[in-house]
Amino acid sequence: MAIVKFLAIAYRNLVRNARRTGLTALAVALGLVVVMAMSSLIEGMVSSMVADNIRMSSGHLQLRDESYESDKASLLSRDLLQDGETLAVQIEALPEVQSAAPVLWSGGLLGTAQESVAIEIVGIDPDDAFHAPVRKGITAGEFLKRDDRGRILIGQGLADEMGITVGRRVSIAASNANGVGQEGIFTVVGLVDTGFPSIDQNRVILPLAQAQSFSGVGNRVSSIILMLHDQEDAAVVATKLAGPDTQVLTWEELNRLILESVENGLIFYYVLYGIVFLAVAVIIANTLLMSVFARAREIGILSSLGMKRGEITLLFLIEGILLALLGIALGWVLGLAVVAYMTYVGFSVPAETASLIEGFAFGTTLKGGFAPDQFAILSLLLLVIVSLVSLYPASFAAKMEPVEALHSL
């Protein structure tokens, strides 16, 4: 019997039981929507979190002294770059470099009359383009100037927690380059909300010259953060900057924590994919088995008219594939709508929750991303699984004896 006739019979049987067909296709569609949404979330998290971390913290490249370790935030002269601002100007002359921002990192305590909290002290050049997100994030007061002295910015979340307002005088206690503890009184001139509570929550920002003077490091800096015109030029620029006494870290190395976290999390997502696909497969198998029992007499008649077992198997297999294709088509329509919402609108994350994600920029809006290649692979995988599962009810129908089938009610 020609394949067209099998398709016609299979189509007729699906239409004849429209309600059952519709519910089964909807179940397949919802299963695909779930895995598409999960895939979109992974795509969005990887792309946006890496991009945000590059923009807010790591840059495309960082130049540091060979002995510098970021987790220690050392102020020892042997761990810092000499004359960082001059070096940054020289680096900006490279055609691939968009900006080169010298920064000084250290740790300390921010104190008021009521309480003290541990903070990261960051010295920046306020005029550098890399710090534009901080400038745009000013919610109260004003941004810093290069020649400011005794003036600082703090995160909006930290200010709310400590009851600090613009104009408030606070103390900063920290060790200087010689390891001697010191304390300074500073005026808060601005509050910052960059949209990334994990960054704003524990950071105090000073003009670079003020931070260098307060720490006693002279003209040294912890690192020079580079933004490139093209991210793909990172390896080329890293080669140009490589030297015996320095280390050059690319954005992949600087964002390794994000990339490894997502890679490890993929195992969990793959398990969820398997559970969803298994549930869909069971629904398809159950639907086809119900169809087999309901059409036992029809199967007996077809067998008695000479239809071979292989042809009966093929008939029910085609029905299963058509059900899967119908569900996948519906799943793409619904799934793309969900993915579009996740990509352009996203889901709000409480600032308290976002602030707990330490080590990288995690914003208060979680968005997805379009991953058409992943969606296509998941759809194809779902079709294959459904096709394989359909073999069981199809073979069950083929094994039914014609006489027994004809006497079935």
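The values are calculated or read from the model by the stated rules, or taken from the named source; none is laboratory data. What you see is a predicted model; the values in this text were computed from it and never measured. Virtual Cβ from ideal backbone geometry, glycine too; neighbours counted across all protein chains shown.
Just to check your reading of the model, which residue among 87, 32 is in contact with a Leu (Cβ under 7 Å, 6 or more places away or on another chain), farther than 30 Å from residue 386 by Cα and surrounded by 15 or more Cβ atoms within 10 Å (Cβ to Cβ)?
87
Go through (1) closer than 30 Å to residue 350 by Cβ; (2) touching a residue at least 12 places away in the same chain (Cβ under 8 Å); (3) surrounded by fewer than 21 Cβ atoms within 10 Å (Cβ to Cβ); (4) over 21 Å from the mean Cα position of the chain (by Cα) for residue 269 and report which single condition fails.
(4)
Are there any helices (runs of 4 or more DSSP H) wholly within region 203-288 with 3 or more residues that are among the hydrophobic types (A, V, I, L, M, F, W, C) and in the same structural domain as residue 126 (by TED's automatic domain parsing), and if so which?
Counting at least 3 such residues, we get 208-215, 234-241.
Going by what's in this entry, would residue 347 be described as at pLDDT 70 or above and outside the structural domain of residue 199 (by TED's automatic domain parsing)?
Judged against the criteria, residue 347 is a match.
Give, as residue ranges, the strands (runs of 3 or more DSSP E) completely inside region 92-157 that count at least 3 residues that are among the small types (Gly, Ala, Ser) and assigned by TED's automatic domain parsing to the domain that holds residue 75. Break it down into steps so the answer makes sense when it comes.
On the way: elements: 97-111, 116-124, 138-141, 151-155.
Per the criteria, 97-111, 116-124.
Every residue, every condition in (1) surrounded by 15 or more Cβ atoms within 10 Å (Cβ to Cβ); (2) at pLDDT below 90, yes or no:
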residue	(1), (2)
157	yes, yes
181	no, yes
185	no, no
196	yes, yes
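Output the residues belonging to region 159-179 that are surrounded by fewer than 17 Cβ atoms within 10 Å (Cβ to Cβ), at pLDDT 90 or above and assigned to a strand (DSSP E or B).
Within region 159-179, 169, 171, 173 meet the criteria.
Report whether or not residue 26 is closer than 30 Å to residue 290 by Cα, surrounded by fewer than 18 Cβ atoms within 10 Å (Cβ to Cβ) and in contact (Cβ under 8 Å) with a residue 12 or more places away in the chain.
So residue 26 fits the description; yes.
Answer yes or no: is there a residue in region 96-113 that is in contact (Cβ under 8 Å) with a residue 24 or more places away in the chain, in contact with a helix residue (DSSP H, G or I) (Cβ under 8 Å, 6 or more places away or on another chain), surrounded by fewer than 17 Cβ atoms within 10 Å (Cβ to Cβ) and within 30 Å of residue 162 (Cα to Cα).
Yes, region 96-113 contains a residue that is in contact (Cβ under 8 Å) with a residue 24 or more places away in the chain, in contact with a helix residue (DSSP H, G or I) (Cβ under 8 Å, 6 or more places away or on another chain), surrounded by fewer than 17 Cβ atoms within 10 Å (Cβ to Cβ) and within 30 Å of residue 162 (Cα to Cα).
Could you go through region 144-154 and let me know if any residue there is at pLDDT below 90 and surrounded by 15 or more Cβ atoms within 10 Å (Cβ to Cβ).
Within region 144-154, one or more residues are at pLDDT below 90 and surrounded by 15 or more Cβ atoms within 10 Å (Cβ to Cβ).
Out of region 153-173, which residues are polar (S, T, N, Q) and under 34 Å from the mean Cα position of the chain (by Cα)? Write out each step before concluding.
Start the filter on region 153-173 by keeping residues that are polar (S, T, N, Q), which leaves 156, 165, 171.
Passing the criteria: 156, 165.
Being under 25 Å from residue 258 (Cα atoms), surrounded by fewer than 20 Cβ atoms within 10 Å (Cβ to Cβ), among the small types (Gly, Ala, Ser) and touching a helix residue (DSSP H, G or I) at 6+ places or on another chain (Cβ under 6 Å) is true for just one of 37, 51. Which residue is that?
Exactly one residue qualifies, and that residue is 37.
Checking the condition within 30 Å of residue 253 (Cα to Cα), buried (at least 23 other Cβ atoms within 10 Å of the Cβ) and modelled with pLDDT under 95, which residue from 233, 200 passes?
Numbers: 233 fails: buried (at least 23 other Cβ atoms within 10 Å of the Cβ).
Exactly one of 233, 200 is within 30 Å of residue 253 (Cα to Cα), buried (at least 23 other Cβ atoms within 10 Å of the Cβ) and modelled with pLDDT under 95, namely 200.
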